[in-house]
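To keep things clear, I will list the structure first and then write my remarks on it.
The values are calculated or read from the model by the stated rules, or taken from the named source; none is laboratory data. Here the structure is a predicted model, which means the values were calculated and not measured. Cβ atoms come from the backbone with ideal geometry, glycine included; neighbour counts cover every protein chain shown. Remember, those area values only see protein heavy atoms, side chains included, never the ligands or the DNA or RNA. Shrake-Rupley method; radii C 1.70, N 1.55, O 1.52, S 1.80 Å.
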Amino acid sequence: PKALVLVGGYGTRLRPLTLTVPKPIIDFANRPMIVHQIEALKEAGCDEVVLAINYRPQVMMDFLKEWEEKLGIKITCSQEPEPMGTAGPLALARDILHNDEGVPFFVLNSDVVCGYPMKQMMEAHLRTGAEATILVTKVSDPSKYGVVVMDDQNKVERFVEKPQVFVGDKINAGIYCLSPKILDRIEPRPTSIEKEIFPKVAADGQLYAVELEGYWMDVGQPKDYLTGLALHLAAVREKAPDTLAEGSHISGNAIIDSTAKIGKDCLIGPNVAIGKFCEIGDGVRLSNCVILNRVTIKNFARVADSIIGWSSKIGSWARIENKAVIGEDVFIKDEVYLNGAIVLPHKDIKDSILEPGTII
Ligand code: GDD
Ligand code: MG
C-alpha cells in the first residue's frame, strides 16, 4: 500500500525550533519525528510514502534522500501551491493514491506519536469494507481534538472537530486507513478532512474506528512533546530496554546517543533524550528534557522540563527549567537562570529571565 503524511503547516506552536527546521524533522527520542512514522509504514508493507508539504520543500527533500536509502522505501513530495488543509492534499496526490483494485492507503498527521498499529488498522478496514477507518484514543481534555462517537461495533456515528461542548472523550488520533473511493468526495482545493469529509462519511455509515492500545500524543507543542517523550520512553522500556541508557548516573528512562560525551558525577533522568555530539560537563543534572544535537552543557548546570536547541551552549551553574525552549545556537552565560523562557535562535543570554513565557 501507499501512504500520505500531512507535513504542511508552519509548526508555529513549536517555535523557536521550527524556525530552524520543519516540524516533522525535529528529533523525537533522537530520530526525526517523521522517521518513526516512515519506519512503521515500511514495516506494515508500504512501498511509497508521499509527503504533502507546503513549506520549505527543499529542506525536506534534501533531508529525506538520506532516509529513503536507509529505510528502503520510496519517499516523494507533493507540494501544494497554497496550504490545502488536511483533505486537499489527498486530491492533489490522487494519481498515486488511487487504484482500480481498491487497495487502501494510509494517511497520517505528521505530529502524532504512538505505537502506530498500521497492520491492525488495515485488517479492521478490510473486515468492515468501510470507506474510512480511523485510529481513536481516549484523552482527558478532548476539546482540542476531533471527537468521535461510536456504537458498540466501532461504527462512528458522529465526528465533531474541536467541539465547544462535551461530546465524548474518544478522539481522532490522526491516523487513517482509507479506500480509494473516498477520493471521489475530495476536491483539489483547501479542505479540512475533519470538518468537511469525515462528518459526511460518518453520516453515510462508512466511517469506522480502531481503538488504540498504549500511549498516544500529539507532540505539536513543547509541553506535549515532553509528555510524549516520557510516554514513548516508557514504551521503549517494555519493548527494547537495551536501547535505553544505563548506569549509576541514570535515573529512570533516558536515551543518549553513542556520540554524546557525558562528564563525571552527572545525574540524568527521568525522561531525557541527548542527541548526537553533545558534550555534557561534570555534575550536570538533567530531567524531563530534550538536548538536541551538538549542544554543550558546562559543569554543574541543570536543565529540567525544557528543550535545548541544536548547537546551543549552556554555561556552568546555569539553571533552565519550567518549559523553556531554547532555539538553535544560543549562548547562555554561566549562572544564568531561565524560568520558562522561549529563546530565539542565535541569541546571547547574559541575564536571568524570571517570568515564564518571555520571548527573547
Ligand atoms: N500538507 C498540509 N497542508 N498539511 C497540513 C496542512 C496543509 O494545509 N494543514 C495542516 N497540515 C498537517 C499538519 O502539519 C499536521 O501534521 C496535520 O496536518 C494536522 O494538523 P494540526 O494543525 O496538527 O491539527 P490539530 O493537531 O489541531 O488537529 C488534528 O490532529 C488531532 C490529533 O492530533 C485533527 O486531525 C484532529 O481531529 C485530531 O484529533
Ligand atoms: Mg497537531
*Enumerate the calculated ³J(HN,Hα) couplings along region 145-153 in order (Karplus 6.51 cos²θ - 1.76 cosθ + 1.60, θ = phi - 60°), each rounded to whole Hz, writing x wherever the residue is Gly or Pro.*
10, x, 9, 10, 10, 10, 8, 6, 9
*Mind listing the phi-derived Karplus ³J(HN,Hα) values for region 223-239, rounded to whole Hz, using 6.51, -1.76 and 1.60 with θ = phi - 60°, and x for any glycine or proline?*
4, 6, 5, 5, 4, x, 4, 4, 5, 5, 5, 5, 5, 5, 4, 6, 8
_Principal-axis tilt of helix 118-128 within the chain, Cα atoms, nearest 10 degrees_ = 20
*Counting other Cβ atoms within 10 Å of each Cβ, which GluC sites (Glu not before Pro) in region 290-351 have at most 14 and sit in a DSSP loop?*
Glu335
*Pick out which of Val35, Val165, Val50 has the largest mean-square fluctuation in a Gaussian network model of the chain, springs linking Cα atoms closer than 10 Å.*
Val165
_Per principal axis, descending, Cα span of region 55-97 in whole Å_ = 30, 23, 14
_Quick check on region 50-189: take the gyration tensor over C-alpha atoms, sort the square-rooted eigenvalues as a ≥ b ≥ c, and tell me if it's rounded (a/c under 1.5), prolate or oblate._
prolate
*asked:* In whole Hz and in residue order, list the ³J(HN,Hα) couplings for region 246-252 that follow from phi through the Karplus curve 6.51 cos²θ - 1.76 cosθ + 1.60, θ = phi - 60°; x for Gly and Pro.
replied: 9, x, 6, 8, 10, 10, x
*Work out, in µm²/s and without decimals, the Stokes-Einstein translational diffusion coefficient of region 142-238 at 20 °C, 1.002 mPa s, Rh from Kirkwood over C-alpha pairs.*
142
*Ratio of Rg to Rh over the chain (Cα coordinates, Kirkwood Rh, two decimals)*: 1.00
*Report the residues of region 290-313 in range of a label on Lys261: point 7 Å along Cα→C-beta, backbone N strictly under 16 Å from it.*
294-300, 311-313
*For n ≥ 4 DSSP H runs only, could you compute -39500 (n - 2.57) per run for the chain, divide by its residues and tell me the 222 nm figure to the nearest 500?*
-5500 deg cm²/dmol
*Long-range HN-HN contacts of Val336 with modeled amide H, under 5 Å*: Ala318, Arg319
*So what does Arg13 come to for accessible area, using a 1.4 Å probe and Å² rounded to 10?*
140
*Degrees, to the nearest 10: 57-71 long Cα axis against longest axis of the chain*: 90
*Where GluC sites (Glu not before Pro) fall in DSSP loop in region 217-307, at most 16 other Cβ within 10 Å*: Glu246
*Near the amide H of Val210, under 5 Å away, which other amide H atoms are found, from residues 5 or more places off or on another chain, if H is placed in the peptide plane?*
Ile134, Leu135, Val136
_Carbon plus sulfur fraction of accessible area for the chain, probe 1.4 Å, in percent_ = 48
_C-alpha long axis of helix 33-43 to longest principal axis of the chain, angle in °_ = 50
*Would you work out the charge dipole size for the chain about its Cα centre, treating the Cβ of every Lys and Arg as +1 and the Cβ of every Asp and Glu as -1, and quote it to the nearest 20 debye?*
700
*Of all DSSP beta bridges in the chain, what percent run antiparallel (nearest 5)?*
30
*Gaussian network model of the chain, springs between alpha carbon atoms under 10 Å - residue of Met61, Met217, Met33 with greatest fluctuation*: Met61
*Using modelled backbone amide H atoms (1.01 Å from N, in-plane), which distant-in-sequence or interchain residues come within less than 5 Å of Leu4's amide H?*
Val50, Phe106, Val107, Leu108
